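K.L.:
I'd like to ask you about the structure that follows.
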Amino acid sequence: MDDGCVDADLVIVGGGQAGLAVAYYARRAGLRLVVLDAEGCPGGAWQHMWDSLRLFSPASSSAMPGWPMPEGSEDPPGRGHVVDYLTRYEDRYGFDVRRPVRVTAVERCGPDRTRLLVRSDTGEQAAPAVVSATGTWRRPFWPTYPGQAAFRGRQLHVSAYKAPTPYVGRRVLVVGGGNSGAQVMAELAPVATATWVVPREPRFLPDDVDGRALFAAASRRRAAILRGEAVDGGIAGVGGLGDVVVVPTVRAARDAGLLRTSPPFRAFTSEGVVWRDGRSEPIDAVIWCTGFRPVLDHLRPLRIRHEGRVDVAGTRSVDVPGLWLVGYGDWTGPGSATLAGVGPTARDTVREVVAALGRTAP
């Protein structure tokens with residue numbers, strides 16, 4: 001064991017919004033905790049997102065548990081404001097966050113195999129409870145197409161996209177029909193020859209509906225789950241209204257007729273793509289806005305991953321006592337991958353941890 005590591009009731013792997021929300025409730029419950037974060041500074045994945053990113057909701061509706069997000073010069077807030085908020089949130093509550101610490105494995109340990117050993121590039125930490133909150137940002141999903149390796153243009157995932165400057169005057173495909181695709185397309189369309197490649201025509205939420213409706217839908221779905229009612233697979237669509245939140249940049253590009261869409265192409269060539277109708281088109285760059293997968297490699301020694309996920313009851317691992325997963329999306333709690341939505345899931349998780357440790361909740 002690393003002599004520099006104090007004994008802990010709970011180890012939280014990941015210091016982004018999900019990890020901090022769990023830390024907040026664990027601290028209130030009187031648990032001794034440590035947060036191990038792979039990032040070099042606070043802010044989680046937000047510090048890596050594109051420069052112009054805006055939240056879907058105003059600051060007043062984007063709070064982490066315990067402390068409202070202060071208003072800034074822009075509302076909805078931008079990426080930088082969120083990073084500052086998470087940094088100040090961490091400082092406000094004085095969490096024991098250690099970084100950069102890359103967790104390499106979580107294993108069963110102890111004479112009765114009831115404790116968990118967290119191995120990292122800085123040492124080891126044993127605890128009776130571990131919450132995995134590593135998110136998805138470090139595992140972007142890239143689709144594969146015929147001829148992709150021969151394409152000589154630029155390909156990048158939205159996780160590496162920062163600003164439109166490198167693409168001014170270029171021929172660009174933005175692939176992916178979700179919110180990231182909509183926002184990147186809206187930013188590129190005025191300055192590049194851009195096409196938005198989508199599996200079906202995008203469905204926009206009404207202009208007066210923002211992320212608060214998504215949060216409300218997630219809350220209703222979570223309540224239904226707690227009542228034991230059958231629910232669908234997610235909250236996309238918000239009751240059939242649409243999938244894409246019409247933030248100001250998307251609204252402006254849509255109203256100007258700049259959101260030119262196309263069904264997926266058939267294959268790559270060395271110079272571009274071949275569309276389904278057989279037409280070839282030269283392309284300079286492809287930006288993949290195609291989502292992410294859970295970062296779960298550190299759980300490989302436990303042999304509990306099934307088709308890229310872990311079987312959970314709520315957020316508790318079905319197969320490993322003492323392990324919980326928070327913040328990966330709907331399968332670990334409706335809305336749990338959002339600033340405002342992770343709080344209820346984190347609170348319930350800590351209640352379970354307290355009960356599992358035989359403590360009395362405050």
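The values are calculated or read from the model by the stated rules, or taken from the named source; none is laboratory data. Everything numeric in this text was worked out from a predicted model, so none of it was measured. We place every Cβ from the backbone using ideal geometry, glycine too, and count neighbours over all the protein chains shown. What goes into the accessible areas is simple: the full protein's heavy atoms, side chains included, and nothing from ligands, DNA or RNA. Shrake-Rupley method; radii C 1.70, N 1.55, O 1.52, S 1.80 Å.
K.L.:
Which residue, 279, 200, 300, tops the fluctuation ranking in a GNM of the chain built on C-alpha contacts under 10 Å?
P.N.:
Comparing 279, 200, 300 in the GNM, the peak value goes to 279.
K.L.:
Now for a different question. Working from Cα positions, state the angle (0 to 90°, nearest 10) between the long axis of helix 79-93 and the longest principal axis of the chain.
P.N.:
So the inclination is approximately 10 degrees.
K.L.:
Still on this structure, please answer the following. Show the residues, 5+ positions off or on another chain, whose built amide H is closer than 5 Å to the amide H of residue 122.
P.N.:
Distant-sequence amide H within range of residue 122: 102.
K.L.:
For the chain, with every protein chain kept in place, what is the accessible area per residue (1.4 Å probe, Å²)?
P.N.:
45
K.L.:
Just to be sure I understand: if I project the alpha-carbon convex hull of segment 22-94 onto a plane and average over all orientations, what area do I get in nm²?
P.N.:
Dividing the Cα hull surface by four gives the mean projection, 5.2 nm².
K.L.:
Apply the Karplus curve 6.51 cos²θ - 1.76 cosθ + 1.60, θ = phi - 60°, to the phi angles in segment 161-177 and return the couplings in whole Hz, x for Gly and Pro.
P.N.:
Rounded to whole hertz, the list is 7, 10, 7, x, 3, x, 10, 4, x, 9, 9, 10, 10, 10, 9, x, x.
K.L.:
Each residue of segment 20-34 in order: what ³J(HN,Hα) in whole Hz does its phi give by Karplus 6.51 cos²θ - 1.76 cosθ + 1.60, θ = phi - 60°, with x for Gly and Pro?
P.N.:
Values, residue by residue: 5, 5, 5, 4, 4, 6, 5, 5, 4, 7, x, 7, 7, 9, 9 Hz.
K.L.:
Sort largest first and round to whole Å: the equivalent ellipsoid semi-axes of the chain, each the square root of five times a Cα gyration tensor eigenvalue.
P.N.:
Equivalent ellipsoid semi-axes, largest first: 38, 23, 19 Å.
K.L.:
Counting only residues 5 or more places away or on other chains, whose amide H sits under 5 Å from the amide H of residue 267 once H atoms are built in the peptide plane?
P.N.:
Here 274 satisfy the definition.
K.L.:
On to the next question. Using alpha carbons only, how many degrees (0 to 90, rounded to 10) separate the axis of helix 211-226 from the longest principal axis of the chain?
P.N.:
50
K.L.:
For the chain, with all protein chains present and a 1.4 Å probe, just round the carbon and sulfur fraction of the accessible area to a whole percent.
P.N.:
Values: 8270 of 16310 Å².
Percent of accessible area from carbon and sulfur atoms in the chain: 51.
K.L.:
About the Cα centre of segment 48-154, how large is the charge dipole given +1 on each Lys and Arg Cβ and -1 on each Asp and Glu Cβ? Please answer in debye to the nearest 20. Mind dumping the intermediate values first?
P.N.:
Working: 15 positive and 12 negative charges, 119 e Å.
Once rounded to the nearest 20, the dipole reads 560 debye.
K.L.:
Report ³J(HN,Hα) in whole Hz for each residue of segment 299-304, in order, from the Karplus equation J = 6.51 cos²θ - 1.76 cosθ + 1.60 where θ = phi - 60°; Gly and Pro get x.
P.N.:
Listing the rounded values in order: 8, 4, x, 7, 6, 10 Hz.
K.L.:
In nanometres, what is the gap between the two model label sites at residue 267 and residue 331, each 7 Å from Cα along Cα-to-Cβ?
P.N.:
Simple spin-label model gives 3.3 nm for this pair.
K.L.:
To continue, here is another question. Roughly what angle does helix 342-356 make with the longest principal axis of the chain, taking Cα atoms, 0 to 90 degrees, to the nearest 10?
P.N.:
With both axes taken from Cα atoms, the answer is about 30 degrees.
K.L.:
Sticking with this one: Hey, got the Cα dimensions of segment 93-173 along the principal axes, in Å, largest first?
P.N.:
Projected onto its principal axes, the Cα set of segment 93-173 covers 62, 37, 18 Å.
K.L.:
Amide H neighbours of residue 244 under 5 Å, counting only residues 5+ apart in sequence or on other chains, H built in-plane at 1.01 Å?
P.N.:
203, 204, 205
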